[in-house]
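Student: Just passing along the structure, written as structure tokens.
Read the figures in this text as sums done on the coordinates, not as results from a lab. Note that the structure is a prediction, hence the values are computed from the model and not measured. Reconstructed Cβ throughout: ideal geometry from the backbone, glycine too, with neighbour counts over all protein chains shown.
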Amino acid sequence: MTLNIPGHRELRKIVILNPKGGSGKTTLAMEPGGLLRLPGRPTALMDFDPQGSSIRWLRKRPPTQPTIYGVAAFEKKMNMTRSFQLRMPPDIRYLVVDTPAAMTTAQLTGFTAGAHAILVRCSPPPSTSMRHPA
């Protein structure tokens, strides 16, 4: 399965990954989404996570902020084709993809195909330098 996102040659796709749920993927997805949405850089945020947190965040953004186009890709609409559901306005130049947790190898391949950047959310390892005094 290849994630075939309707788009154009100028579209830059940034994929946020981590196999674990609750790792901070959505928080990380919101950062580039907000930063990229500067004048002249129309941005979309595509939310594949079943929790839909990215879409909820977009709905709560103040109207004074630059618009980020949201695609609720986690929804499966039976009355339309998948490509129609995933469509974006033609002026979108940056697409940030918030992926679900626990993807299969085939899903991972599909999400990352054609990506211009892949961000993997990692937690720092436990620090060994902060030992308690004996």
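Student: Report the label-to-label distance for residue 118 and residue 93 in nanometres (one decimal), using points 7 Å from each Cα along the Cα→Cβ vector.
Tutor: According to this spin-label approximation, the distance is 2.6 nm.
Student: From the square roots a ≥ b ≥ c of the eigenvalues of the alpha-carbon gyration tensor of region 78-122, which class results: rounded (a/c under 1.5), prolate (a/b over b/c), or oblate?
Tutor: Here region 78-122 falls in the oblate category.
Student: Ranked highest first by the average count of other Cβ atoms within 10 Å around their residues, in what order do 99-107, 54-62, 10-18, 77-85 fall?
Tutor: Order by mean packing, descending: 10-18, 54-62, 99-107, 77-85.
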